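Chemist: What follows is a structure written as structure tokens; I'll ask about it next.
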Amino acid sequence: MNMTRRQFLKQMGLLSLMSIMPISSNSWAYLGQNDNLNKPRLIVIFLRGAVDGLNVVVPYGDSHYFEYRPSIGLPRPGMADGILDLDGYFGLHPVLASVLPFWKENSLAFVHASGSPDPNRSHFEAQDYMESATPGNARTPDGWMNRLLGVLPKPHNPIQAVSFGETTPKSLMGPMTVANMPLGRGAANKTPLDRTDLEKVFNGFYNDDRELSHVYHEAITARKQLMTDLTAETKAANNGAPSVVGFASDTRQLAQLIAREPRVELAFLAVGGWDTHVNEGSHDGQLARHLNELGNGLAALVPGLGSTYDNTVIVVMSEFGRTAHENSNGGTDHGHGNVMWLMGGPIQGGKVYGKWPGLAPDALYQGRDLAVTTDFRDVLYQVNGRHFGLSPTQLAKVLPGFSATPTLMEGLIRA
């Protein structure tokens, strides 16, 4: 069947606009207003590439850890460049000292031996399963965050959920409107629709359709407002200094938007580079450099959020963990169980949650990996249920086909 230009624009126009136009109309119009700043917020940070959770939150109390990792294992607590003790059994990678204060003030927690029950070790498929929250089902068309958006109280707005990056992630794909916003140096870059000649062409396309015209012109207005605000704010903040390249600069920008714009309730940001097959390193090296950036970025996010941190939950997750044993290249291969991070005012932190299976040979999954004893959806169930106050019926829509394990994550979200 032939498709007319009008039909094509109706099917593709809105998707294109939402990817090209970072924020909808009047996105910064609420700056300085405090209404609705106390509503629950959620930030999901996805570590693409499968981070080595055993060298993030280290089970130094298990002797097998040091046996399996003679070159990439971290020094014990108290030694030079040693593990930062958390509870006498688990400790943090030493480059993560920047987030240790949040653990001590009980707003940072970890869920170890967590992950997807699906055994898939393909990055693409495992990420897809975690972002759809339907492990093993490749046909799920939408993401759990988009479904969450669909059950949140109305009225909905075009920037209620924001994806920070060039494309919409699977987590936010679905029927609900989602805004895309680039971060870092690219945030203020001009897009094709900033060209006057192309803007005139698109104006002509959309002037003849009331619904599309409204969305299009709303997005155009927002784009111009956002560009103006970003340019002015970046210039004032830098005070002549070059911008900081890295995760911390991204999280500061993210925090500014969330803290000042009460309509943003959900945010997603992905960070790549965690596939450490070769030369992973110990207290320094490839993983340490990445973790240092991650920790500094999270530490920068909190003060930027200001008082909204009290109502914000930050979830850090990755598609799967890595092998318990290091490989012959001084790295680790695709594994299974991993560690999730939970930060924010609503988090009852200072604790490593979950059922620790141990690293004994007979406890390893398929004889090689940390086992998964906490389904990642048990964590999301608590975040969605207690933080957003969703009913069982609503939770069933967000996490279809999933039955939570009673009391497994009890106490994770403050009452």
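Chemist: Just a yes or no: is a residue in segment 163-170 buried (at least 22 other Cβ atoms within 10 Å of the Cβ) and more than 18 Å from Leu380 (Cα to Cα)?
Modeler: The answer is yes, given that some residue of segment 163-170 is buried (at least 22 other Cβ atoms within 10 Å of the Cβ) and more than 18 Å from Leu380 (Cα to Cα).
Chemist: Of the numbered conditions (1) under 15 Å from Leu291 (Cβ atoms); (2) within 22 Å of the chain's Cα centre (by Cα); (3) among the charged types (D, E, K, R), Arg41 fails exactly one; give the number of that condition.
Modeler: (1) is the only condition that Arg41 fails.
Chemist: Need the failing condition index for Asp142 against (1) surrounded by 23 or more Cβ atoms within 10 Å (Cβ to Cβ); (2) touching a Pro at 6+ places or on another chain (Cβ under 8 Å), just the number.
Modeler: (1)
Chemist: Shifting gears a bit: Mind telling me which of the residues Thr228, Thr251 ends up being buried (at least 20 other Cβ atoms within 10 Å of the Cβ) and either farther than 30 Å from Gly335 by Cα or modelled with pLDDT of 55 or more (or both)? Working first, answer last.
Modeler: Numbers: Thr228 fails: buried (at least 20 other Cβ atoms within 10 Å of the Cβ).
None of the others qualify; the one that does is Thr251.
Chemist: Just one of Ala113, Ala97 is touching a strand residue (DSSP E or B) at 6+ places or on another chain (Cβ under 8 Å), at pLDDT 95 or above and not in a helix (DSSP H, G or I); which is it?
Modeler: Working: Ala97 fails: not in a helix (DSSP H, G or I).
It is Ala113.
Chemist: Any residue in segment 125-134 that is surrounded by fewer than 17 Cβ atoms within 10 Å (Cβ to Cβ), farther than 22 Å from Leu269 by Cβ and not hydrophobic (A, V, I, L, M, F, W, C)?
Modeler: no
Chemist: Does segment 271-279 contain any residue that is more than 14 Å from Ile72 (Cβ to Cβ) and among the polar types (S, T, N, Q)?
Modeler: Scanning segment 271-279 turns up no residue that is more than 14 Å from Ile72 (Cβ to Cβ) and among the polar types (S, T, N, Q).
Chemist: Something else: From the set of residues in segment 297-325 that are polar (S, T, N, Q) and out of contact with any Ser or Thr (no Cβ under 7 Å at 6 or more places or on another chain), which is nearest to Arg69 (Cα to Cα)? It would help to see each step written out before you state the result.
Modeler: Narrowing segment 297-325 to residues polar (S, T, N, Q): 307-308, 311-312, 318, 323.
Now narrow it down to the ones that are out of contact with any Ser or Thr (no Cβ under 7 Å at 6 or more places or on another chain): 307-308, 311-312, 318.
Numbers: Ser307: 42, Thr308: 41, Asn311: 39, Thr312: 36, Ser318: 21 Å.
Among those residues, the one meeting the criterion is Ser318.
Chemist: Going by the structure shown, is Ile347 touching a strand residue (DSSP E or B) at 6+ places or on another chain (Cβ under 7 Å), over 21 Å from Glu131 (Cα atoms) and modelled with pLDDT of 95 or more? Walk me through how you get there before you give the answer.
Modeler: Details: touching a strand residue (DSSP E or B) at 6+ places or on another chain (Cβ under 7 Å): yes; over 21 Å from Glu131 (Cα atoms): yes; modelled with pLDDT of 95 or more: yes.
Yes.
Chemist: Sort out which residues of segment 314-351 are of a type in the set (Asp, Glu) and over 16 Å from His123 (Cβ atoms), and write them in order of number. Show your work before the answer.
Modeler: Quick first cut of segment 314-351, residues of a type in the set (Asp, Glu) only: 319, 326, 333.
If the condition is that a residue be of a type in the set (Asp, Glu) and over 16 Å from His123 (Cβ atoms), then Glu326 is the only one that fits.
Yes/no matrix, rows are residues, columns are (1) free of Cβ contacts under 8 Å to residues at least 12 places away in the same chain; (2) crowded, with 23+ Cβ neighbours inside 10 Å:
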| site | (1), (2) |
| --- | --- |
| Gly53 | no, yes |
| Gly73 | no, no |
| Ala80 | yes, no |
| Phe90 | no, no |
| Asn106 | no, no |
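Chemist: Inside segment 73-94, can you point out the residues that are in a loop (DSSP other than H, G, I, E, B), on the phi < 0 side of the Ramachandran plot and not charged (D, E, K, R)?
Modeler: Those that are in a loop (DSSP other than H, G, I, E, B), on the phi < 0 side of the Ramachandran plot and not charged (D, E, K, R): Gly73, Leu74, Pro75, Pro77, Met79, Ala80, Gly82, Ile83, Leu86, Tyr89, Phe90, His93.
Chemist: Could we say that Arg322 is surrounded by fewer than 20 Cβ atoms within 10 Å (Cβ to Cβ) and among the charged types (D, E, K, R) here? Break it down stepwise before answering.
Modeler: Numbers: surrounded by fewer than 20 Cβ atoms within 10 Å (Cβ to Cβ): no; among the charged types (D, E, K, R): yes.
So Arg322 does not fit the description; no.
Chemist: Note down all Cβ pairs under 6 Å where the first residue falls in segment 137-157 and is under 14 Å from Gln394 (Cβ atoms), the second is polar (S, T, N, Q) and surrounded by fewer than 21 Cβ atoms within 10 Å (Cβ to Cβ), and they're at least six residues apart or on different chains.
Modeler: Note: pairs meeting the criteria are Val151/Gln394.
The rows are residues; the columns are (1) part of a helix (DSSP H, G or I); (2) buried (at least 23 other Cβ atoms within 10 Å of the Cβ); (3) aliphatic (A, V, I, L, M).
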| site | (1), (2), (3) |
| --- | --- |
| Thr276 | no, yes, no |
| Gly281 | no, no, no |
| Asp284 | no, no, no |
| Ala288 | yes, no, yes |
| Asn292 | yes, no, no |
| Asn296 | yes, no, no |
| Ala299 | yes, no, yes |
| Gly304 | yes, no, no |
| Thr308 | yes, no, no |
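Chemist: Say we look at segment 363-402 and pick out the residues that are farther than 24 Å from Leu266 by Cα and small (Gly, Ala, Ser); which of these is surrounded by the fewest Cβ atoms within 10 Å (Cβ to Cβ)?
Modeler: In this case the residue turns out to be Gly367.
The values are calculated or read from the model by the stated rules, or taken from the named source; none is laboratory data. Bear in mind that the values here come from a model prediction, so they are computed numbers and not experimental data. Ideal geometry is used to build each Cβ from the backbone, glycine not excepted, and the neighbour counts take in all protein chains shown.
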